[in-house]
1. May I ask you to verify whether residue 162 is more than 24 Å from residue 239 (Cα to Cα) and within 15 Å of ligand 1 (Cβ to nearest atom)?
2. Regarding residue 140, is this residue within 23 Å of residue 67 (Cα to Cα), in contact with a helix residue (DSSP H, G or I) (Cβ under 9 Å, 6 or more places away or on another chain), assigned by TED's automatic domain parsing to the domain that holds residue 113 and in a helix (DSSP H, G or I)?
3. Taking region 166-181 as the region of interest, how many residues are touching a helix residue (DSSP H, G or I) at 6+ places or on another chain (Cβ under 8 Å), in a helix (DSSP H, G or I) and under 17 Å from residue 118 (Cα atoms)?
Ligand code: HEM
Ligand SMILES: CC(C)=CCC/C(C)=C/CC/C(C)=C/COP(=O)(O)OP(=O)(O)O
């Protein structure tokens, strides 16, 4: 369970708007929201621009709310890890109680508003996604098993399905395919970060794969998941979400991603310190471009379909 001991260091009135905003994990959520936006616009039904705007806004707020709840629960871990020690709660800017209140309030409002602005399925899916990230991943899996990312990754894969449901009121094959793409992408995305963050998870006692099975096994896992991801991503090119533009993007990016995974796999542990984990850092950055480009291509394909080409 989380420890609130450092809350005593909070000085009243110190928190600024930026500290509360940081609770929402805005940088991570930009790409999450983009995938939801693509899910919404790729759906083959016209959506009024104002409704589309509201839907994306409420999904963004719901995603942010789940980030605040994650920071509330994980404040003990965040205080120990270098990467997260400056977050608003461990930095003493925001109390755990404030983060909990903000997270719960925004969660309830975002789900209700999305349900009323679009439909109950979309609102329900958003609620389930928040529940999955906060309760299943953060409170349970993250501290329990090295498979935390593999199973918990489902949380981050739901947003395109939420967007699609907001537009259509349905779950369809196309939206499930988008889910699968993000789901398979999450483990290599995260394990690369775990590799170059080296001792962080070790210090915090979080059973990430790097900690429980070691760095060598993590490199092998990255390669295996990247091969599976490449097969899936290219196969999607021949489904209803794909087309020539998507296929071109998928072939190029999967070739680069596979090369990155092989470079990581071949890495000599002793060289790690010397080149400052450049290989892993590059792969992590490439993972962000990878998902952005695939979803961008899905959006272009939907636009081409709609124009009747
Ligand atoms: C459960 C699944 C996921 C895990 C465990 C995970 C883990 C992480 C972690 C630990 C970071 C570093 C964040 C930081 O230092 O604040 C990160 C960064 C990032 N993640 Fe993920 N991620 C997941 C899913 C996703 C998904 C689904 C997306 C987008 C669709 C995403 C997009 C990003 C982006 C854009 C960044 C870079 C943020 C920055 O520039 O600071 N992640 N991820
Ligand atoms: C719409 C909606 C509800 C979207 C949620 C999407 C989602 C689950 C994104 C996951 C993003 C993320 C930063 C995970 C970090 O894991 P972590 O919490 O272990 O990372 P940390 O160590 O940086 O806190």
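The values are calculated or read from the model by the stated rules, or taken from the named source; none is laboratory data. In this text the structure is predicted, and so the values were computed from the model without any measurement. So basically every Cβ, Gly included, is an ideal-geometry build from the backbone, and we count neighbours across all protein chains shown.
1. no
2. yes
3. Number satisfying all stated conditions: 3.
Every residue, every condition in (1) more than 12 Å from ligand 2 (Cβ to nearest atom); (2) modelled with pLDDT of 95 or more; (3) within 17 Å of the chain's Cα centre (by Cα), yes or no:
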site: 133; (1), (2), (3): no, yes, yes
site: 146; (1), (2), (3): yes, no, no
site: 152; (1), (2), (3): no, no, yes
site: 159; (1), (2), (3): no, yes, yes
site: 164; (1), (2), (3): yes, yes, no
site: 177; (1), (2), (3): yes, yes, yes
site: 182; (1), (2), (3): no, yes, yes
site: 200; (1), (2), (3): no, no, no
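A quick yes/no check of all residues on (1) surrounded by 15 or more Cβ atoms within 10 Å (Cβ to Cβ); (2) touching a helix residue (DSSP H, G or I) at 6+ places or on another chain (Cβ under 7 Å); (3) touching a residue at least 40 places away in the same chain (Cβ under 8 Å):
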position: 14; (1), (2), (3): no, no, yes
position: 27; (1), (2), (3): no, no, no
position: 42; (1), (2), (3): yes, yes, yes
position: 62; (1), (2), (3): yes, yes, yes
position: 66; (1), (2), (3): yes, yes, yes
position: 81; (1), (2), (3): yes, yes, yes
